[in-house]
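Enquirer: Please see the structure below; I have some questions.
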Amino acid sequence: MAIRIDQFYPKFRARAIYVVLGFEIFIGLIAAATYIVLLAGDIGKPLEHLTISGAVFGFLQLILTPFIVAYVSEPAKLIAEAVVHVSQQDSTVKPPNINLARHERSGLKALVQIIYDLALGTQPTAAPAAAAPSAAQTAAVTAMPAELAAQLLELMPCGVAALNSRREVIFANQLAPTLINSDQKRSLELIFDNGDTLENWLTECEASKVRDQKSWSRVANRLPDDPERRQYDVIASYQKASPVADTVLLFIDRTSAYAPAQENMDFIALAAHELRGPITVIRGYLDILDSELQPLLQPDQKELIDRLNVSANRLSGYVNNILNVSRYDRRHLQLHLHEDRIENIFSGLIDDLAMRARTQNRLLSVDIPPGLPTVAADRASVSEVIANLVDNAIKYSSEGGQIIVRASVKGDFVEVTVQDFGIGIPGAIMGNLFNKFYRSHRSRQSVSGTGLGLYISKAIIESHGGTIWARSTEGRGSTFGFSLPIYSTVADKLLRSNSANEGIIESSNGWIKNHAMYRG
């Protein structure tokens, strides 16, 4: 039977005294027995026997004291671990195991549970000395406040929802973006970007945190073309093992504030579409001039033509990125994937990429071994990703620097990496690399670009069922990599979906819900 928590310390102190005294008496008896045995065998040397007995006493103390101290101080250790865990100062400290029967009997389990309750800001759950009220008394006391609270939440000017530990919606007012799914259960209707989703955050909280808060902006509930589409700022609060709800969500409707930005993006996409035609004409004429005047051009004139070609191609890349971002934001990045080889995809780019590197005084090296497995790919889209990554490596590497493109097999995927030895990326901004329009303060000042290349590259690779990543050391260079599924691993799914990429991407309600596209 568990003791009350106010009795824990007196019982603990008494136990510690009994254990230590018993330990001392036990060792003393062994030392005395040793002396008596030695004395009985050799009566003429009592001083030596006393010395030996003392040595035995000291040796046993030296060996057994750490175990006795560990046993006696175990409650302090468990309480300290609980405090460190709830303070979140050291995520490597695991919560103590207080579920042993002896901890329940001693009252230690109840004591540690109170630490957790206080950290959560909830009423401690330890049983009071007085008898608990009956169910009827509790219902009479709590029914009216609960009913009043529900009415007040319905009057709130923002959406409110609560989730239990299984992430099920247990409450939602009328303004909360929810829907009834096929299982006749209420669920949240939200579209998160870039894998930074509510689900991923909750998984992280459940693994390592007692409580936490997070917010997201521009979270939509439906696709852009839907007339009922709304955009929210979402605020989430998590409290582990809360008796009311593990997660509470607030939804602030900011549709009217964010609408102009969406209209601006639509205008930019329209302008980019109109620019595509003239840019194509310019590139065509440059190709003609390059081929027709090749025998007549001096080296400096040839370099000028090359630079014009590079600038025209880069401008074309910017336009394509803007158009692709518009498609991706509207969840229209639907691709048809076919069997292809990385070396074949790269062979169509090598001349243009080599010219870009050469005009910027960079050395481009390619290490793509022959015989790699075929991949499931949309050639034009993957070409755009490779061009974006190599172009970034050229821009952020040093004069005369080397850029290395490699490819290899990694499990069920073929991985392509682009490595440079340039300025590198500060660790503080690594998490924002694949966000739309994100460019660091340093790169905005020194390097041209739109901040869309990595965003759309991530969209393309995830739309293939692959992943994209980056690692960097500031001042030593960066490596960007992406993976594409080996064709044989997804061939059946592609055949069933007529080569459409939906067949190899986990989706919800028929469309990619969170931009968090996983391997098929």
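Enquirer: Using mean Cβ contacts within 10 Å as the protection proxy, how do 282-293, 398-409, 379-390, 230-241 order, highest first?
Expert: In descending order of packing, they fall as 379-390, 230-241, 398-409, 282-293.
Enquirer: Check Ile486: other-chain or 5+ apart residues with amide H under 5 Å from its amide H, H built from backbone geometry?
Expert: Phe413, Val414
Enquirer: If packing is taken as the average count of other Cβ atoms within 10 Å, what order do 296-305, 157-166 fall into, highest mean first?
Expert: 157-166, 296-305
Enquirer: List the GluC sites (Glu not before Pro) within segment 165-263 that fall in a DSSP loop (any state other than H, G, I, E or B) and whose Cβ has at most 12 other Cβ atoms within 10 Å.
Expert: Qualifying residues, ordered by number: Glu168, Glu228.
Enquirer: Hey, another quick one. Based on the Kirkwood radius over alpha-carbon pairs, what is the Stokes-Einstein translational diffusion coefficient of segment 168-228 at 20 °C with 1.002 mPa s viscosity, in µm²/s?
Expert: 158 µm²/s
Enquirer: Next question, about the same structure. Please compute the length gained on full extension between Ala32 and Gln184, using 0.36 nm multiplied by the number of residues separating them and subtracting their Cα-Cα distance.
Expert: Extra length from Ala32 to Gln184 when fully extended: 46.9 nm.
Bear in mind these aren't lab numbers, they're just calculated from the coordinates by the rules spelled out. Here the structure is a predicted model, which is why all the values come from computation and not from measurement. Every residue, glycine as well, gets a Cβ built from its backbone with ideal geometry; the counts of neighbours run over all protein chains shown.
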